[in-house]
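J.: One structure coming up, written as structure tokens, with questions to follow.
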Amino acid sequence: DAIVIEVRRFGRELHIEQALACIDFSARPSPADRPSTNLPQSTESGGVTTTPLVATEYFEIERVDAVVESSFPIVTQDMPQVWMMIAGDGEIRGGFGHPVRLKPGTTALLPPAADGWEPHFSADSRLLLVLLPSPLRRMLA
């Protein structure tokens, strides 16, 4: 089943001073640890534009813009995905019995078994898609 988490910070105390005390501001990432700036260009298919934003050894983030009302099958490549809705609205339909609503501020964790589930987006919707790098990437030349 899909796990949907809505973050609500109302009434929650922020510990800014403690957080700042934990950061080593003098540390700089080594060149190997820096995110790739050599990213592929945006791609468009069926009214949906996907733009790579960052790629590291540990994760990738893409911005997905639905220019028109859109739907497409989800392809997970047997890896979980995180979807963070930042504009517009939509829903995910799949094998879990009921649609999961997506609205700005909603974060959804999609399991590897989400292959074939279908998101449906209104025009002018936008989400951030967080992907884990495939373990096969290191095996292929």
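The values are calculated or read from the model by the stated rules, or taken from the named source; none is laboratory data. Treat the numbers as computed from the prediction; the structure is a model and nothing was measured. Accessible surface areas use protein heavy atoms only, side chains included; no ligands, DNA or RNA. Shrake-Rupley method; radii C 1.70, N 1.55, O 1.52, S 1.80 Å.
J.: Kindly report the accessible area of the range 14-126 per residue (heavy atoms of protein chains, probe 1.4 Å, no ligands, DNA or RNA), in Å².
T.: 63
J.: Report the percentage of all Cα-Cα pairs in the range 82-128 whose separation exceeds 12 Å, rounded to a whole percent.
T.: Cα-Cα pairs in the range 82-128 separated by more than 12 Å: 59 percent.
J.: Here is a follow-up. Taking the C-alpha atoms of the range 40-141, how large are the radius of gyration and the largest Cα-Cα span, Dmax, in Å?
T.: 13.5, 41
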